[in-house]
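Written out below as structure tokens is the structure these notes cover.
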Amino acid sequence: MSNVSSQHRLQSGALGLPQIVASTLANIAPAMSFFFGFGLIVSGAGVGAPLTILVAMVVILFLTNTLAEFSRYRPSTGSFVTFIGMAFGPAAGAAASVFVVFGYLVAAASVVAISGGWAHDTLKLFLGINIPWQVLSVVATGIVGLLVARGIALSTLWAAVFFYFELALLLVGAVVMLVVNRAHLTLAPFEWSHLSGGLKGIGLGFPIAIYLFIGWENSATLAEETRDARRNIPRALIIGTLSIGILYMMLAYATEIAFHNNAVAIGKSDIPFVDAFKSSAAAFLIVAYLAGLTSIFSSLLGLTNSQARILFNSGREGLLPVFFGKIHPRHRTPSVAMWSFVLFALAIVLVFGIGVKPVDLFGETGSLGTIPVIITYLVTNLALPVYMLRYHREAFNPIRHLIIPLVGTGLMLFPLWGLVEPGQPKPYNLFPYIALAMLVASVVYGVVLSRRDPALVQKIGSYVADEEV
């Protein structure tokens, strides 16, 4: 590898399959996602809510196929941006870089907000210490920034430690609830007859169920630092999606059993898992709070490592300012992009969090940020057949490269509609227009940049994980 090439590359071979799977699961943050999402799913689907989660997992597997196929042929830190740009041209790639980074930044703000909020509630409840949640969000952001900037292996190790601790606590909580409420064990949560409204019930809870899986794509952006990326990235995508789906269904079942399958009570609960655990073993309530705390922190580590790399690669390839494409000379991390990403997310929280409860800000920024992310999923699905026909026509498979992506695109329209449909309360009714304005601005940016820089078409996708530049 040339000196110029090595100066612009991340640390090759730093991660194996276990590390990127752990990073992906940490990014998804099952405790945080499940705590705040399950009650809404039950409100729509009733006792049959675990079936909605099962359907969501299957839909995500359709998307996993797309990202896995791209990663087999062109593993890239640019992930969605690289794949869209190579399929549809430099203007589309530049537009995608702005649009998806915007979505990820706003969605990351939701985790920053809840990191302070959950830490505040935990300290106040168990130690009687009352520290403003904004201060705790700043502290969490600073710690995450220092860890991710000092090396991918170090930060991934800590993300894994926090995730597996979180996982152990969740499993302990679920088992305790099932044992205490064993007299109420039933298969009703997995029976179609207990799904409110049938398919309509699935549809009502589906957008939130999809949201539970956001972060499944984490490993794709770690391609450059992953050993045997063409093999391990697809495996990590599938393992992560299946693992988290099975875990969610177990947590959903345990929670419903603890509530004695009372869907109305679950829907009225702010955090059903915590309330269920409290009613089953109040003396060990700290377990649920620690699971939430470690979940949120590991998610911050995972998402900053993953999503900031799209910002970095876009800067490195000239789609965004080159400032973001700088690499730390010692730690070989995209430190500028990482610090910029996490501090932008913190700024959103500090500006828009004035006078707002952290849990409300979590829901609002999470919903707004998810719209661009889901649209990016859709476009990437459509990009796969185009990419394969343009660059690998001899390997084109109608099932894997056309039918599955098209079906996945159609299925993802349901959660997207749930986020943009008219009649939502403020400020959610404004989010579709904000996302649309950002999409238009991104497209204009992409068109202008591609015209100003004709060489952009050669730059997109130029950094492949296991090839020299």
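Annotations
- Relative contact order of segment 107-162, pairs being alpha-carbon contacts under 8 Å that are 6 or more residues apart, as %: 30 percent
- Sequence-ordered 3J(HN,Hα) estimates for segment 371-379 from the Karplus curve with 6.51, -1.76 and 1.60 and θ = phi - 60° stand at 4, x, 5, 5, 4, 5, 4, 4, 5 Hz, glycine and proline given as x.
- Contact order normalised by residue count of segment 10-459, Cα under 8 Å, 6+ apart, percent: 35 percent
- Among residues other than Gln11 with Cβ under 13 Å from its Cβ, the summed charge is +4 (Lys and Arg +1, Asp and Glu -1).
- Whole-Hz Karplus values for segment 393-402 come out as 4, 5, 9, 4, 10, x, 6, 5, 9, 9 Hz, taken residue by residue from phi with 6.51 cos²θ - 1.76 cosθ + 1.60 and θ = phi - 60°; glycine and proline positions read x.
- Across segment 10-459, the volume of the C-alpha convex hull divided among the residues equals 130 Å³ per residue.
- Per-residue Karplus couplings for segment 421-435, computed as 6.51 cos²θ - 1.76 cosθ + 1.60 with θ equal to phi - 60°, are listed in order as 4, x, x, 7, x, 5, x, 4, 5, 8, 4, x, 6, 5, 5 Hz, Gly and Pro entered as x.
- Each of Phe126 and Val161 was given a label point 7 Å from its Cα along the Cα-to-Cβ line. The distance between the two points is 1.7 nm.
- By the count of neighbouring beta-carbon atoms within 10 Å, fewest first, Val322, Val351 end up ordered Val351, Val322.
- Taking each residue as 0.36 nm, the span from Lys200 to Ala282 lengthens on full extension beyond its C-alpha to C-alpha distance by 25.9 nm.
- The reciprocal of the average 1/r between distinct C-alpha atoms defines the Kirkwood hydrodynamic radius, which for segment 124-206 equals 17.5 Å.
- Exposed GluC sites (Glu not before Pro) absent: longest stretch of the chain, with sites in DSSP loops and at most 13 other Cβ within 10 Å deemed exposed: 192-466
- Shape call, segment 268-321: gyration tensor on alpha carbons, a/c limit 1.5: prolate
- Rounded FRET efficiency, nearest 0.05, which uses the C-beta distance separating Ser243 from Val448 and R0 of 41 Å: 0.45
- Using 0.36 nm per residue and subtracting the Cα-Cα separation, the extra length available between Asn262 and Tyr433 on full extension is 57.8 nm.
- Against the main long axis of the alpha-carbon atoms of the chain, helix 335-352 sits at an angle near 50°.
- Sparse-neighbour loop sites [trypsin sites (Lys or Arg not before Pro); segment 198-253; at most 16 other C-beta within 10 Å; DSSP]: Arg227
- With R₀ fixed at 60 Å, the C-beta to C-beta distance from Leu350 to Tyr391 puts the FRET efficiency at about 0.85.
- Distribution of pairwise C-alpha distances over segment 213-329, 10 Å bins, in %: 12, 28, 27, 18, 12, 3
- Segment 370-456: radius of gyration and largest Cα-Cα distance (Dmax), Å: 16.5, 51
- Over segment 261-375, the ratio between the Cα radius of gyration and 2.2 N^0.38 Å evaluates to 1.42.
No lab work stands behind these numbers, since they all come straight from the coordinates. Please read all numbers here as calculations on a predicted model, not as lab measurements. Cβ coordinates were reconstructed from backbone atoms using ideal geometry, including for glycine residues, and neighbour counts include every protein chain displayed.
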